[in-house]
Amino acid sequence: MRISPSKLLLATCALALASACTPVSRNHGYVTSKETPGDIETGVDTKTTVLSKFGNPSTTGVFEKSKWYYMTELREQLGYLRPRTTTRTITAVAFTDDGVVNDVSVYTIKDGRVVSMVGRKTPTRGRELSIMQQLLGGVGRLPQGTINGNQNLPGGAGGPRRQ
């Protein structure tokens, strides 16, 4: 059985297009195990039991050192497109001063807020040079003090003078 080159090319293109539509999934952050945040009991579990169930936290609170955060995120990418976050879960575990679990909160991607960055620039003194001006800016210029012949060091560098 002989396959014509046009059919082979068509099959190759169809396979390439089908593979471009398959998303590539990546997990970032804390990888969840069989335990869920519901397995942590308020008033019963301590820091050591939470460590044994979930392991080290992704981060701790900046101002509240008694709060641990477990973050996980799933990103999918289609072909050459930018990766898109499909799921995000943040589990916040708060402890009392004695190290006993006080509160467990679970936040999802729906709880997130979009923060817009300010696009202003800080003005700087001087002028902006193009790439060509930067590359060719020093061509034809002599270092200071080399015209009168007082310096006998290579390149007119400073330092001790030879007499």
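The values are calculated or read from the model by the stated rules, or taken from the named source; none is laboratory data. Values in this document were obtained by computation on a predicted structure and should not be read as measured data. Cβ atoms come from the backbone with ideal geometry, glycine included; neighbour counts cover every protein chain shown.
So, in region 37-66, exactly how many residues are part of a loop (DSSP other than H, G, I, E, B), among the aliphatic types (A, V, I, L, M) and more than 23 Å from the chain's Cα centre (by Cα)?
The total comes to 2.
Suppose we keep only residues that are surrounded by 13 or more Cβ atoms within 10 Å (Cβ to Cβ) and acidic (Asp, Glu) within region 57-94. Which one would you say is farthest from Glu41 (Cα to Cα)?
Among residues in region 57-94 that are surrounded by 13 or more Cβ atoms within 10 Å (Cβ to Cβ) and acidic (Asp, Glu), the one farthest from Glu41 (Cα to Cα) is Glu76.
In this structure, is Asp97 among the charged types (D, E, K, R), touching a residue at least 24 places away in the same chain (Cβ under 8 Å) and within 24 Å of Glu41 (Cα to Cα)?
Judged against the criteria, Asp97 is a match.
Given the condition part of a loop (DSSP other than H, G, I, E, B), among the basic types (Lys, Arg) and under 19 Å from the mean Cα position of the chain (by Cα), answer yes or no: does some residue in region 107-117 qualify?
Yes, region 107-117 contains a residue that is part of a loop (DSSP other than H, G, I, E, B), among the basic types (Lys, Arg) and under 19 Å from the mean Cα position of the chain (by Cα).
Anything in region 67-106 that is in a loop (DSSP other than H, G, I, E, B) and not acidic (Asp, Glu)? List them, or say none.
Listed by number, the residues that qualify are Gly79, Tyr80, Leu81, Arg82, Pro83, Thr96, Gly99.
For the subset of region 4-24 comprising residues that are of a type outside the set (S, T, N, Q) and within 29 Å of the chain's Cα centre (by Cα), which member is modelled with the highest pLDDT?
Val24
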